[in-house]
Amino acid sequence: MKKTLMAVVAVAVVAMAGAAMAGGTTTVDVTANVVGTCKFNSGGSVAFGNLDPSLAPAAVSGTVVKPQFWCTKNAPYTISDDIGSHESGLIFRMQSADVATDFLPYTFSYTKTGTGGGKSSPIDLTITAQVSLDDTINIAAGAYTDIVTLTITP
């Protein structure tokens, strides 16, 4: 009987060892979604300098410091603006610091769409802006200012 018991125990140990060695496989899905992002790195400015009405009808281009931005690689972007703080309809205008009713119209344009290259590939936004000296003839001398807010969306 002792031999039978030992044989049963030996069979049980072998059976357990066989069960412990049984295996299988599975898969784990790993996913992510990178969202299109666009951010301005820096603002810009347009300076027309001293404008001489006696030189009319010439137009003066502004000296531009380009805003810089980046967008996620391959993300399409659109840039829009608010037409400035002193717009009239769709006309950009600077307001006199001394005579609140005097405005100096100007043009303001840039490329509104494109595709991002990633954060390590910033984009300089090229702005063109002009003032017609004809518009300076009948307004007060002095400083004129405006603020244009740009918005970028992926």
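Output the peptides 25-34, 69-78 sorted from most to least packed, where packing is the average of other Cβ atoms within 10 Å over each peptide's residues. Please report the intermediate quantities before stating the final value.
Details: 25-34: 4.6, 69-78: 17.3.
Order by mean packing, descending: 69-78, 25-34.
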query: Tell me, what ³J(HN,Hα) does each residue in segment 69-82 have, in order and in whole Hz, if you take phi through Karplus 6.51 cos²θ - 1.76 cosθ + 1.60 with θ = phi - 60° and put x for Gly and Pro?
result: 8, 9, 9, 3, 3, 6, 7, x, 10, 9, 10, 9, 9, 9
- request: Could you list LEU150, LEU55 in order of exposure, starting from the residue whose Cβ has the fewest other Cβ atoms within 10 Å?
  value: LEU55, LEU150
- line: The ³J(HN,Hα) series, computed from each phi in segment 142-154 with the Karplus coefficients 6.51, -1.76 and 1.60 at θ = phi - 60°, rounded to the nearest Hz and given as x for glycine or proline, is x, 7, 10, 9, 7, 10, 9, 9, 9, 10, 10, 10, x
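Peptides 136-145, 45-54: what's the order by average Cβ count within 10 Å, highest mean first? Before the final figure, lay out the partial values.
Working: 136-145: 13.3, 45-54: 11.6.
Per-residue Cβ counts within 10 Å, averaged per peptide and sorted highest first, yield 136-145, 45-54.
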- request: Taking H placed 1.01 Å from N in the peptide plane, check which residues at least 5 places from TYR77 or on another chain put their amide H under 5 Å from its amide H.
  value: GLY114, THR115, GLY116
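Is segment 25-66 best put as rounded, prolate or oblate by its Cα gyration tensor, with a ≥ b ≥ c the root eigenvalues, rounded for a/c under 1.5, and otherwise prolate when a/b is larger than b/c, oblate when not?
Numbers: a/c = 11.84, a/b = 5.94, b/c = 1.99.
In terms of gyration-tensor shape, prolate.
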- prompt: Quick one: Karplus J couplings for segment 47-60, per residue in order, coefficients 6.51, -1.76, 1.60, θ = phi - 60°, nearest Hz, x for Gly and Pro?
  reply: 10, 8, x, 7, 10, 9, x, 5, 8, 4, x, 4, 10, 10
message: Please give me the summed charge of the neighbours of VAL46: other residues whose Cβ is under 11 Å from its Cβ, Lys and Arg +1, Asp and Glu -1.
response: 0
- line: Options (1) 29, 18, 13; (2) 24, 18, 16; (3) 77, 13, 11 are given for semi-axes √(5λ) of the Cα gyration tensor in Å, and the computed one is (3)
task: Taking 7 Å along the Cα-to-C-beta vector as the label spot, tell me the THR107-PHE40 distance in nanometres, rounded to one decimal.
output: 2.3
- line: Rounded to the nearest 10 degrees, the helix 2-20 long axis (Cα) sits at an angle to the longest Cα principal axis of the chain of 10
statement: Interchain or sequence-distant (5+) residues whose placed amide H lies within less than 5 Å of the amide H of ILE123 are PHE69, TRP70
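Values in this text are rule-based calculations from the coordinates and carry no lab data. Being a predicted model, the structure only gives us computed values, none of them experimental. So basically every Cβ, Gly included, is an ideal-geometry build from the backbone, and we count neighbours across all protein chains shown.
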